[in-house]
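The values are calculated or read from the model by the stated rules, or taken from the named source; none is laboratory data. Everything numeric here is computed off the predicted structure, so don't read it as measured data. Glycine gets a Cβ as well: all are built from the backbone with ideal geometry, and neighbour counts include every protein chain shown.
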Amino acid sequence: MLVQEIIHKEPVTISPDTKLFAAYELMLKKNIRHLPVLENGKLVGIITDRDLRSATSKLAEVPFQPEDEVGKIMVKNVITVHPKDPIDVAAKLMRENKIGCLPVMENDALVGIVTISDMLDALLKLTGVHRPSGRLEINLSDKPGELAKLAQHLAERKVNIHSILTYPAVNGKIRIVLRISTIDIRGIAQGLCNAGFEVIWPTQMSCAD
Amino acid sequence: MADSNVMCGLVVHPKYLDYDLGDRHPFSPLRIQMVTELLTELGHKLKFETPEVVPPEKLEIIHDPEYIEVVEKAGKGIEAENFEQYGLGTADNPVKTGMAESARYIAGGTLHGAKLLLEGKFNKVLQFGGGFHHARKNLAAGFCLYNDLALAIKEMTLHGWHVAYLDIDVHHGDGVQELFYDDDKVMTISLHESGEFLFPGTGWIYESGKGMGRSLKLNLPLEPFTEGDSYIFVLEKLLDEALSYFKPDALIVQAGADPHFSDPLADLMLTTNDFEKIYKIILQKTDAYAKGKVMFTFGGGYSLVATARIWSLLYLVLTGSGIPDKLPVAWKQKWEERLGIKISDSFHDPNPSYNPIPRKEEITNHNKDMLRRLLDMVTPDWL
């Protein structure tokens with residue numbers, strides 16, 4: 001999944017001479033937390049609602065005033081991504097830099113942003129239930145052809161695979177979570193068990209028919 | 001033996017038996033035959049109302065015309081390239097000749113049941129089939145083609161009735177929920193094994209309706225290996241809360257028998273004794289909150305003998321008849337021979353029916369938490 005698939009296009013932007021109170025009002029009105037700062041069409045910075053609150057807090061050494069300009073407090077070295085970057089790269093950048101938003105740049109122009117909310121939407125898309133389906137969980141050996149065997153088994157039984165999710169299992173195997181188009185998941189699981197697959201769900205399956 | 005019809009309207013048509021998706025397919029028309037014969041052997045004179053078939057165009061109130069056209073063609077053996085797009089030609093919904101027409105007779109039965117309630121001819125109706133709760137606007141799924149329940153509910157709301165739909169099938173009633181998701185005249189309540197573990201994967205508490213239907217679609221996902229006492233506890237509390245608020249003009253119940261412990265497709269642990277209690281609770285709540293009007297349909301249930309006993313029990317409870325200790329010998333012998341299995345002598349399940357569940361306490365607490373969270377979420381909207 002690429003950044004361009006989860007991107008927010010036409011983000012709301014401000015300029016360095018926007019007043020802090022105006023930026024604050026904009027965030028409230030649009031219900032957003034991040035504002036990229038553009039000057040002559042170029043990305044020159046970014047501010048978040050937290051930057052605004054910290055800068056103007058009574059607790060700050062010298063609090064900024066509502067009439068001050070965004071340019072004074074914005075973060076200037078902005079971390080960005082490209083639309084063709086995979087979303088895991090974007091996720092890693094957010095985690096490592098502890099930030100919640102990445103402007104998306106193409107040909108030195110701002111084309112959109114991705115935020116943590118977009119990442120969660122992506123997670124929902126990857127793990128979610130989009131068609132009526134049953135859940136099958138299998139541990140596969142980490143070697144060529146295992147998934148092909150599994151897919152072949154399902155295809156022969158006219159069972160459609162709606163989604164596949166994989167992650168490393170504890171015993172060096174690969175955990176495969178499939179959503180497949182059948183209500184009779186146990187019949188399928190039994191067949192897989194008989195064919196030598198390690199079935200994790202449904203549980204309490206005995207191989208014997 | 002008492003005349004059944006005084007107590008309860010019964011609906012069936014011989015064409016129901018044509019909803020046959022193949023010898024090895026779990027959704028067997030034998031179940032209708034087994035229930036009917038079991039009750040007859042017990043000495044009950046079943047007087048059935050015969051429904052009319054629903055013409056394809058009348059289904060357009062629920063389904064897309066293109067979907068109906070493809071299903072009707074499939075039922076006549078006419079190939080179409082886009083079967084899969086509509087969920088047809090799969091392991092669950094294979095294409096069989098006659099299935100579309102049969103599905104329309106069954107839909108006609110559930111619709112007829114709704115009319116019996118609307119006209120006041122009966123306060124209780126038992127439809128000997130139907131319950132196709134997975135059928136969507138344009139998708140066949142989970143053995144279901146046409147959503148007979150939605151058709152019946154729609155008929156009732158068009159007459160100005162408020163309808164509560166209760167789905168005790170072990171699978172989430174996703175099709176019915178979706179078709180009335182923003183409808184304020186319909187409350188849907190589904191208790192099912194959690195979508196984390198079971199088809200169709202939906203039925204989370206946060207699926208609570210939208211727009212005018214907000215907080216009127218209630219889902220209680222239950223832990224695998226949930227037993228009768230936990231099930232009955234949450235069911236009774238939920239019905240009291242939901243129905244005393246919504247005060248429907250009638251209750252429609254999809255009475256799938258697949259939460260039974262022996263069901264091969266799912267993991268709940270209800271016994272026939274639990275089903276008897278559940279049916280009695282539903283009737284009590286119907287009298288208390290739903291003007292005494294209720295229709296039950298069949299539904300899932302893939303352990304054939306258990307399903308036959310459970311739905312016979314439903315009839316016996318609905319008609320206030322006595323429940324026998326033993327199965328009729330002739331019935332037992334016939335079906336032992338026919339199915340090639342051993343059938344026990346007793347009508348009810350033995351006690352205990354299965355080995356103790358190790359996680360019982362954890363499961364019970366989890367189900368209670370789920371009910372608490374559901375009510376916390378929806379009740380603030382029930383002003």
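Annotations
- Residue in region B:291-299 that is of a type in the set (Gly, Ala, Ser), within 14 Å of chain A (Cβ to nearest Cβ) and under 15 Å from the mean Cα position of the chain (by Cα) present: yes
- Scanning region A:39-59 for residues that are free of Cβ contacts under 8 Å to residues at least 40 places away in the same chain, of a type outside the set (Val, Ile, Thr) and closer than 18 Å to A:ASN77 by Cα yields A:GLU39, A:ASN40, A:GLY45, A:ASP49, A:ARG50, A:ASP51, A:LEU52, A:ALA55.
- Residue satisfying condition, being closer than 22 Å to B:ALA257 by Cα, modelled with pLDDT of 95 or more, among the β-branched types (Val, Ile, Thr) and touching a Lys or Arg at 6+ places or on another chain (Cβ under 8 Å), within set B:THR188, B:THR157, B:THR202: B:THR188
- All positions within region B:146-165 that are closer than 24 Å to B:PHE48 by Cα and not polar (S, T, N, Q): B:TYR146, B:ASP148, B:LEU149, B:ALA150, B:LEU151, B:ALA152, B:ILE153, B:LYS154, B:GLU155, B:MET156, B:TYR165
- Comparison of A:THR182, A:THR166 shows that the only residue that is surrounded by fewer than 19 Cβ atoms within 10 Å (Cβ to Cβ) and hydroxyl-bearing (Ser, Thr, Tyr) is A:THR166.
Each row is one residue, and each column tells you yes or no for (1) within 26 Å of the chain's Cα centre (by Cα); (2) surrounded by 12 or more Cβ atoms within 10 Å (Cβ to Cβ).
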| position | (1), (2) |
| --- | --- |
| B:LYS334 | no, yes |
| B:GLU337 | no, no |
| B:SER344 | yes, yes |
| B:PHE347 | yes, yes |
| B:TYR354 | yes, yes |
| B:PRO358 | no, no |
| B:GLU361 | no, no |
| B:ASN365 | no, yes |
| B:ARG373 | yes, yes |
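- Unique match (being modelled with pLDDT under 95 and within 30 Å of B:HIS133 (Cα to Cα)) among A:GLY172, A:GLY145, A:GLY128, A:GLY196: A:GLY128
- From the options A:VAL89, A:VAL62, residue that is of a type in the set (A, V, I, L, M, F, W, C), out of contact with any Leu (no Cβ under 9 Å at 6 or more places or on another chain), outside any helix (DSSP H, G or I) and surrounded by fewer than 17 Cβ atoms within 10 Å (Cβ to Cβ): A:VAL62
- Any chance A:ALA122 is more than 30 Å from B:PHE132 (Cβ to Cβ), in a helix (DSSP H, G or I) and not charged (D, E, K, R): yes
- Going through (1) exposed (fewer than 14 other Cβ atoms within 10 Å of the Cβ); (2) under 22 Å from the mean Cα position of the chain (by Cα); (3) within 14 Å of chain B (Cβ to nearest Cβ) one by one, A:LEU120 falls short only on (3).
- Residue within region A:103-111 that is within 30 Å of B:TYR86 (Cβ to Cβ) and assigned to a loop (DSSP other than H, G, I, E, B) present: no
- 2 or more residues closer than 30 Å to B:LYS332 by Cβ and either more than 14 Å from chain A (Cβ to nearest Cβ) or at pLDDT below 95 (or both): qualifying helices (runs of 4 or more DSSP H) within region B:5-119: B:30-41, B:99-118
- Residue count for region B:273-302, restricted to those that are of a type in the set (S, T, N, Q), surrounded by 23 or more Cβ atoms within 10 Å (Cβ to Cβ) and not in a strand (DSSP E or B): 1
- The residues of region B:315-343 that are hydrophobic (A, V, I, L, M, F, W, C) and under 19 Å from B:SER28 (Cα atoms), listed by number, are B:TRP331, B:TRP335, B:LEU339, B:ILE341, B:ILE343.
- Candidate set from region A:5-23 (those that are part of a strand (DSSP E or B) and within 27 Å of the chain's Cα centre (by Cα)); member that is modelled with the highest pLDDT: A:ILE14
- The condition of being surrounded by fewer than 20 Cβ atoms within 10 Å (Cβ to Cβ) and either under 20 Å from B:LEU149 (Cβ atoms) or in contact (Cβ under 8 Å) with a residue 40 or more places away in the chain (or both) holds for only one of B:GLU79, B:GLU60, that being B:GLU60.
- Strands (runs of 3 or more DSSP E) enclosed by region A:143-209 - at least 3 residues per element that are touching a residue at least 24 places away in the same chain (Cβ under 8 Å) and more than 12 Å from every other protein chain (Cβ to nearest Cβ): A:174-180
- Unique residue being within 21 Å of B:HIS133 (Cβ to Cβ) and of a type in the set (Asp, Glu) when the list is B:ASP258, B:ASP287, B:ASP240: B:ASP258
- Single residue of region B:209-224 satisfying the filter (under 20 Å from the mean Cα position of the chain (by Cα) and not in a strand (DSSP E or B)) that is farthest from the other protein chains (Cβ to nearest Cβ): B:LEU216
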